[in-house]
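Undergrad: Take a look at the following structure, please.
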Amino acid sequence: MTGLGRLTRFSLRRSRILIGAWTAVLTLFVYTSAAATDSLYKTPADQISAAESINTSSALVALYGPILDVTSLGELAMTKTTVTYAVLVMALAIALVRRHTRVEEESGRAELIGGLAVDPRAPLVSAVLVGALTSLLIAVLAAVADIAGGLPVAGSVWFAGSWLGVGLVGTGVGALCAQLSPNARTCGAVAAGVVAVLYAMRALGDTTSAHWLSWLSPFGWSTQLRAWSDPRGWVLLLDLLLAVALSAVALGLRARRDLGAGLFPERPGPAVGSPRLADALALNLKVHATSLVVWTVACAVLGALMAAIVPSIGSILDSAGTRDLMERIGGVGALQETLVAALVSVAAIIVSCFAASVVGHGGGEENDGRTEEVLATATERSTTFLAVALLALGGVAWLLVVTGAAMAVGAVGAAVSAGQVLAAALVQIPAVWVVAALALLALSWHSRWAVAGWGLIVAFFLVGPLAELLQLPGWVAGLSPYSHVPKVPADPVSVGPLLGLTAAAAVVVATAWWRYRERDIG
Amino acid sequence: MSERVIETSGLKKSFGPTQALDGLDLSVTEGEVHGFLGPNGAGKSTTIRILLGLIRKDAGEARLFGGDPWAEAASLHRRLAYVPGDVSLWPNLSGGEVIDMLLRMRDAPVDHPRRAEMLERFELDPTKKGRAYSKGNRQKVALVAALAAPADLLVLDEPTSGLDPLMEQVFAECVAEVRAEGTTILLSSHILSEVERLADRVTIIREGRVVETGSLDEMRHLHRSRVRAEVVGEVPDLSGVAGVHDLSADGSTVTLTVEPEGLPAVLTALTGAGVTALTSTPPTLEELFLDAYRRTDLQPQDSHTQDQGAAR
């Protein structure tokens, strides 16, 4: 295929920082997980009871997947990585494929490539290759990290195979989603939705009696591979087959459409503007309208799914032994309260991504010159800043309200009250505001740094577990605003941390505002 | 004397190690079309961005309608419309939505009859979404938004890039019309014929400094004219005449360029030789432009002050 090799090398070079940073973080996490676990448990009995306690918590099973062999050190050590961190592998593959296909088409750069001696299929095939090669690189490094961390070689390799499989499926998902819309953001949102659905199906399958649901998701396959004991290698073939099928369909769709076009022809828009579309905030709302609707629906679904897990926790643990254990930690009610607190903390991280997306988009608007067009009208600097800030801060608050309300409705019949569930979601708002405020500060320093919000979310997400694994001092984990949120409803709503977080967010937003008014635009 | 709509003096701006503006003086008088010329990277867009309050000046003075373009940006912008050189549109907004939004944002009426007229003259379909427009059509969206309601000042940064010759013609007509209504226009361009046709006065800049400024007539007066003559007899020897350059004779035809002060002597000599045909062409803007650059190439250090002095 003419131009394939050159294009692939070019793409790898362009994405070397993204690939390098992401790969380094994941490898580091695998190594620290592997290295720390061995020293954590003194006797095999300790280790087995740790694994069993994970299995008895449906919150943890929903998050990480079950531990099929409680005697396996490797499976215990890789609990979080097998499914949860595999999401990051899949996300990287999707981001890479989207970046080198639809983003290129939307910006017009693909046309430049299309005019060269390059096969028309080469850009998509090359993007798939980039996704596959990156997945392979991550898998190899993960295997090396596991072995270096002291885990069995065979299990390490099979585990790495599960990451490779998830990465390949992500590559296929990215390739297919990139064909759908002329808008790269829409393609990205659809792909993110696919990942969320696959994850949710596995979570439901693992925690309810509908185990077949886990078998419909590549994340379920990663657990079912049983990498660490008695591996079923054929499960990896499922990943491979799905990836090849998705990529083949993507290539077929690509061949049937024009460069830059989506699957469906673009509908004409109105010839005149609405009277409401008259200021920067209305503009930003209009630009993000679709995204906001999709996020709202997604948060409602996420909240309902999370709530569905809550009442089941009692029945799953309804055996003589576990009931005894449960009574000691405070009964079904206490268990459900802990579960709700754990679930909303995950929702807070997911909702933070909306703020990162809005602020990152604000930076893009400026880089592309559209902010300049607005500021050349009678629009004040403060207005364009507030248009981004209000949407980011208001958006995350709204989405957490939606998530909390959906959970509260879904959790009817559980031992926790609807009010408690809603409160659990609402206390997350100040922490997410801090993250959004820091992203705004980055935008206000320079438009190019506006994407820093994404890095902050990953960093704050990882700093807790990493600090625990590396046994770093307590203040390191405390760097994450999420760590200061009271674990409502298990713990009471304590006003101090909430006021502190809100004040911190306010100071950062005010600094960002000041800086934005002082700096050069563009 | 009329109001100075734009006035900068000694304007300086650097981006890291790059000195984008190095003491730029620009003055645009009310009601004129002012051509703002310079090669890529000369500092045209930087000047415009300072005048629009998008970026801060490092040193010097900048006034827009007599006000401070940084501190009073939003209120000053009610009186102007801006067309950037590289128009970027919102992918999911139609052209019509963008035009009306930009008009509303500058507090201009959206129901002025010129809106429909401009759409028609520029042959623009306002229902297409932003991402579906070609470069030329994106440019037209910004032009229609700028021209669809009256403004005191139009700031146009290479406004015809991407337009076809027919549309350039439409653009030129529109500029002439709004000028007749009293609108001041700052027209940054490197299309010389366009500026030559439209501009009352011209400022030529290079490397962040003005190399030449004035009306085209004034500038022509200071530069060589091209003379071509046919004579009956021998071609006279003109090489000794002060101010004569590029002399070449072919049979009975002679061509040369001559500085204004040498022209009487050349004409006397040609008349004496029995001239049968004579054309004298004033320098085109292109020649002024190239001439201005050639001289700064030769004297990179102190050309600034010399040219400034010469132009006045």
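Undergrad: Take the alpha carbon gyration tensor of region A:279-522, find the square roots of its eigenvalues, order them as a ≥ b ≥ c, and report rounded if a/c is under 1.5; if not, report prolate when a/b exceeds b/c, else oblate. Numbers along the way, then the final one.
TA: Working: a/c = 2.79, a/b = 1.93, b/c = 1.44.
In terms of gyration-tensor shape, prolate.
Undergrad: Report the residue, chosen from B:98, B:231, B:87, that carries the largest GNM mean-square fluctuation when chain B is represented by alpha-carbon nodes joined by springs under 10 Å.
TA: Judging by the Gaussian network model, the answer is B:231.
Undergrad: Which of A:354, B:122, A:264 comes first, and how do the rest follow, when ranked by fewest Cβ neighbours within 10 Å? Before the final figure, lay out each step's value.
TA: On the way: A:354 26, B:122 20, A:264 10.
Final ranking by Cβ density, sparse to dense: A:264, B:122, A:354.
Undergrad: Here is a follow-up. Could you compute the FRET efficiency for residue B:279 and residue B:190, with r as their C-beta to C-beta distance and R0 at 22 Å, rounded to 0.05?
TA: Working: r = 28 Å, r/R0 = 1.27.
It comes out at approximately 0.20.
Undergrad: For region A:279-522, with only Lys/Arg (+1) and Asp/Glu (-1) charged at the beta-carbon, what is the dipole magnitude about the Cα centre, in debye rounded to 20?
TA: Working: 10 positive and 15 negative charges, 21 e Å.
Rounded to the nearest 20 debye, it is 100 debye.
Undergrad: Please compute the volume of the convex hull spanned by the alpha-carbon atoms of the protein assembly as shown and report it per residue in Å³.
TA: Values: hull volume 165.5 nm³, N = 834.
Considering the Cα atoms of the protein assembly as shown, their hull volume per residue is 198 Å³.
Undergrad: Project the alpha carbons of region A:1-263 onto their principal axes and report the range along each, largest first, in whole Å.
TA: Over region A:1-263, Cα extents along the principal axes are 65, 38, 28 Å.
Undergrad: Summing -39500 (n - 2.57) over the DSSP H runs of n ≥ 4 in the protein assembly as shown and dividing by its residue number, what mean residue ellipticity at 222 nm do you reach, to the nearest 500 deg cm²/dmol?
TA: On the way: 36 runs with 497 residues, N = 834.
That comes out to -19000 deg cm²/dmol.
Undergrad: Projecting each Cα onto the charge dipole of the protein assembly as shown (Lys/Arg +1, Asp/Glu -1 at the beta carbon, about the Cα centre), which of B:160, B:277, A:49 comes out farthest on the positive side?
TA: Going by the charge dipole, the pick is A:49.
Undergrad: What is the calculated FRET efficiency for residue A:448 to residue A:38, with r their C-beta to C-beta distance and R₀ = 45 Å, to the nearest 0.05?
TA: Numbers: r = 43 Å, r/R0 = 0.95.
Using R0 = 45 Å, I get an efficiency of 0.60.
Undergrad: May I pose another question? Tally Lys/Arg at +1 and Asp/Glu at -1 over every other residue whose Cβ is under 11 Å from the Cβ of residue A:361; what's the total? Could you put the intermediate results ahead of the total?
TA: Details: positive: A:185, A:370; negative: A:365, A:366, A:368.
Here the charged neighbours net out to -1.
Undergrad: Roughly how many debye, to the nearest 20, is the charge dipole of region B:4-214 about its Cα centre, given +1 on each Lys and Arg Cβ, -1 on each Asp and Glu Cβ, and no other charges? Each step should come with its number before you reach the end.
TA: Details: 26 positive and 31 negative charges, 133 e Å.
Rounded to the nearest 20 debye, it is 640 debye.
Undergrad: I'd like the distance separating the alpha-carbon centroids of region B:186-217 and region A:483-497, in whole Å.
TA: So the separation of the two Cα centres works out to 66 Å.
Undergrad: Would you mind telling me which residue in B:186, B:21, B:290 has the biggest mean-square fluctuation in a Gaussian network model of chain B, where springs connect alpha carbons within a distance under 10 angstrom?
TA: Highest fluctuation among the options: B:290.
Undergrad: Continuing with this model, one more query. Between residue B:177 and residue B:3, what's the calculated FRET efficiency when r is the beta-carbon distance and R0 is 30 Å? Round to 0.05.
TA: Working: r = 21 Å, r/R0 = 0.72.
The computed FRET efficiency comes out at 0.90.
Undergrad: Something else about it: Evaluate the charge dipole of chain A about its Cα centre and quote only its size in Debye, nearest 20, assuming +1 on the Cβ of each Lys and Arg and -1 on the Cβ of each Asp and Glu. Let's see the in-between values first.
TA: On the way: 31 positive and 31 negative charges, 222 e Å.
Computed about the Cα centre, the dipole is about 1060 debye.
Undergrad: Here is a further query. If contacts are Cα pairs under 8 angstrom and at least 6 residues apart, what is the relative contact order of chain B in percent? Can you show the working numbers first?
TA: On the way: 602 pairs, mean separation 58.2, N = 312.
Computed over chain B, the figure is 19 percent.
Undergrad: Based on DSSP H assignment, which helices of chain A show an axial Cα extent of at least 27 Å together with a mean Kyte-Doolittle hydropathy greater than or equal to 0.0?
TA: Details: long enough: A:16-40 (35 Å, 1.18); A:122-148 (38 Å, 2.20); A:153-177 (36 Å, 1.45); A:184-207 (34 Å, 1.04); A:234-256 (33 Å, 1.79); A:289-316 (41 Å, 1.93); A:331-367 (55 Å, 1.12); A:381-410 (43 Å, 1.71); A:495-518 (35 Å, 0.82).
The answer, listed by residue number, is A:16-40, A:122-148, A:153-177, A:184-207, A:234-256, A:289-316, A:331-367, A:381-410, A:495-518.
Undergrad: Of the options B:103, B:126, B:92, report the single residue whose Cα projects farthest towards the positive end of the charge dipole of region B:2-129 (beta-carbon charges: Lys, Arg +1; Asp, Glu -1).
TA: Checking the options against the dipole of region B:2-129, the answer is B:92.
Undergrad: Given labels modelled 7 Å from the Cα in the Cβ direction, how far is it in nm from residue A:2 to residue A:390?
TA: 5.4 nm
Undergrad: Here's something else I'd like to know. Could you tell me how far the Cα centroid of region B:38-63 sits from the Cα centroid of region A:457-479, in Å?
TA: Each part reduced to its Cα centre gives a spacing of 46 Å.
Undergrad: Under 20 Å from the 7 Å Cα→Cβ point of residue A:255, by amide nitrogen: which residues of region A:158-184?
TA: A:172-181
Undergrad: Against the longest principal axis of chain B, how steep is helix B:285-298, in degrees 0 to 90 to the nearest 10, with axes from Cα atoms?
TA: 80 degrees
Undergrad: Sticking with the crude label model, points 7 Å out along Cα→Cβ, report the distance from residue A:290 to residue B:250 in nm, one decimal please.
TA: 6.3 nm
Undergrad: Report, in degrees rounded to the nearest 10, the 0 to 90 angle that the Cα long axis of helix B:95-105 makes with the longest principal axis of chain B.
TA: For B:95-105 against chain B, the angle is about 80 degrees.
Undergrad: Related question: Rounded, prolate or oblate: which fits region A:208-249, taking a ≥ b ≥ c as square roots of the Cα gyration tensor eigenvalues, rounded meaning a/c under 1.5, else prolate when a/b beats b/c?
TA: Oblate, because a/c is 1.5 or more while a/b does not exceed b/c.
Undergrad: Cβ under 15 Å from residue A:339's Cβ, residue A:339 left aside: what net charge do those residues give with Lys, Arg +1 and Asp, Glu -1? It would help to have the intermediate numbers written out before the result.
TA: Working: positive: A:487; negative: A:206, A:337, A:491.
Summing Lys and Arg as +1 and Asp and Glu as -1 gives -2.
Undergrad: Could you let me know the centre-to-centre spacing of region A:186-235 and region A:41-116, using Cα atoms, in angstrom?
TA: Going from one Cα centre to the other spans 10 Å.
Undergrad: Taking the Cβ of residue B:74 as the center, what net charge do the other residues with Cβ under 15 Å away carry, scoring Lys and Arg +1 and Asp and Glu -1?
TA: Values: positive: A:381, A:517, B:78, B:79, B:104, B:106; negative: A:279, A:372, A:373, A:380, B:68, B:72, B:107.
With Lys, Arg at +1 and Asp, Glu at -1, the net is -1.
Undergrad: Shifting gears a bit: Report, in degrees rounded to the nearest 10, the 0 to 90 angle that the Cα long axis of helix B:135-147 makes with the longest principal axis of chain B.
TA: It is inclined by approximately 80 degrees.
Undergrad: OK, next. Under a plain spin-label model, where a point goes 7 Å from the Cα along Cα-to-Cβ, how far apart in nm are residue A:196 and residue B:237?
TA: 9.2 nm
None of the figures in this text is laboratory data; all of them are computed from the coordinates on show. In this text, all values refer to a predicted model and were calculated from it rather than measured experimentally. Glycine also receives a Cβ, built like all others from the backbone with ideal geometry; neighbour counts cover every protein chain displayed.
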